[in-house]
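The values are calculated or read from the model by the stated rules, or taken from the named source; none is laboratory data. Nothing here was measured: the structure is a model prediction, and the numbers come from that model. No Cβ is skipped: glycine too gets one built from the backbone with ideal geometry, and neighbour counts run over all protein chains shown.
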């Protein structure tokens, strides 16, 4: 097995593990992982999470490249805050995809002195997903580890899932997405040069370069919070192709206008947290009309950030 980051298996004894993509580390994932940690601690064992990169759906081209809700680093950080000993990320390859469930679990048993596996009721692994719960029950008896099925977390839409979060984000529903994630959705990257159209209009924007694997919310204008140089700023972010101007962009860009900041941002790392959706991206008859609408967007953003009830929910 090809782990992306090396780990010292000698430091891991009698491990309880869970396996999955855990993309987004949403509330359903968090519930399962907290149960894993509780079980491991009860038995004085290590709690480990086994995950994959790239996302299997992307690898098999069942999903577009821009699919991931978290980078491997962000996912690991989020999972580790839940109390696990470590997150072991496997390089998802054709060789890994070809392993049977038994071969895969034998490899983990040998490396981790596996004591138990905790998964959800719809979990399956191995080539062709042949490692169903029934099959894993047989493998657990054969390899002498325990299999425990965690109950999924549900909401009005059914079982909380990464697919729900992706749909919310692509359809501009960033508040419902945040409720499922248990936090605001975040994109991070470096500020790069664009055409400086915003500067010419008196509303300069930061052109955010991001990992191509990361899912970008649907086109539109959002209330966001920018994190740069350890400070937080209210911001208005446009995602889209700028249809008001001639020669619209071939692909959408992420362009936040950061309020009350007076410094050069090019080349710096910036994170954006998506708080609320303001409006769709619109083609205006003139740049004057566009600027007038942007000023309204800025005022709505200021009003939201100044609301006491809002501040208590996002900090």
Got at least one residue in segment 132-143 being touching a helix residue (DSSP H, G or I) at 6+ places or on another chain (Cβ under 8 Å) and surrounded by fewer than 15 Cβ atoms within 10 Å (Cβ to Cβ)? yes
Near pairs, Cβ below 6 angstrom, 6+ apart or cross-chain, from segment 280-301 (under 16 Å from residue 241 (Cα atoms)) to any residue that is outside any helix (DSSP H, G or I) and at pLDDT 95 or above: 280/220; 281/219; 281/220
How about segment 278-307: which of its residues are within 20 Å of residue 185 (Cα to Cα) and in contact with a helix residue (DSSP H, G or I) (Cβ under 6 Å, 6 or more places away or on another chain)? 278, 304
Kindly provide the set of residues from segment 250-271 that are over 18 Å from residue 300 (Cα atoms) and either in a strand (DSSP E or B) or outside the structural domain of residue 208 (by TED's automatic domain parsing) (or both), ordered by number. 253, 254, 269, 270, 271
Criterion first (touching a residue at least 40 places away in the same chain (Cβ under 8 Å) and more than 21 Å from residue 168 (Cα to Cα)) does residue 274 satisfy it? no
Restricted to segment 195-253, and to residues that are at pLDDT below 95 and in contact with a helix residue (DSSP H, G or I) (Cβ under 6 Å, 6 or more places away or on another chain), which residue is farthest from residue 57 (Cα to Cα)? 201
